[in-house]
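Single-structure report; data block below.
Every read-out reported here was derived from the displayed coordinates using simple, explicitly stated rules and does not represent laboratory data. Predicted model, so just to flag it, every value in this text is computed and none were measured. So basically every Cβ, Gly included, is an ideal-geometry build from the backbone, and we count neighbours across all protein chains shown.
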Amino acid sequence: MASKIQEILGSAAAIAKGMGITFKEMLQPTITEDYPDGPALFQERYRGAHQLQRDDNGMEKCVACFLCAAACPAECIYIEAAENTDKLRISGGERYASVYNIDYSRCIFCGYCVEACPTDAITHGHGFEIAAYNTSTLIIRKEQMLVKIPEGATPPAIPVPVAAGH
């Protein structure tokens, strides 16, 4: 009988403690953001849409090593590699990713691709508006993920051959 009373009193104490926390939070002012009218505020570690980074010279950091695709548990990264040449240099390595696609209908934003990248080519940005009505539009291509060329950098370009005799 005494243990039954102790059990009832313990339950009542737990309920009173929970209700105290609830009432304390009810008296606090609410915090709302004015999205979409105001800026969206994110924590530094927020994992948003992926970005493919460039180096200081404007060249792509991705060297098509396929480590990000291998680390992805959802298998949503597709890469095709191509060789850099003397006439066309896209990245600092021997190869570059001619095709780099991420299927956001499969991506779980785990961050394993970011951790696996040895050149820090792929990162999570703060983009969050990636909803779509059609899943075929959720395949994001390399051109959509590449960050802009840094100010003052010369973009990679095909050198114009000089004609003989000039």
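Some observations on this one:
- The dipole here belongs to the chain: it is taken about the Cα centre, uses +1 on the Cβ of Lys and Arg and -1 on the Cβ of Asp and Glu, and is about 360 debye.
- Angle between the chain longest axis and helix 2-26 axis [Cα atoms, degrees, rounded to 10]: 50
- Simple spin-label estimate for Ile8 and Met26 in nanometres, 7 Å along Cα-Cβ: 2.6
- Along the chain, the longest continuous region that contains none of the GluC sites (Glu not before Pro) in a DSSP loop with at most 15 other C-beta atoms within 10 Å is 95-128.
- Likely footprinting exposure, Thr119, Thr22, fewest C-beta neighbours within 10 Å first: Thr22, Thr119
- Fluctuation leader among Ser136, Ser91, Ser11 - the chain, Gaussian network, Cα springs under 10 angstrom: Ser11
- Legend: P(r) of the chain from all alpha carbon pair distances, 10 Å bins from 0, whole percents, reading 8, 26, 22, 14, 11, 9, 5, 2, 1, 0, 0.
- Footprinting exposure proxy for Asp120, Asp103 (fewest neighbouring C-beta atoms within 10 Å first): Asp120, Asp103
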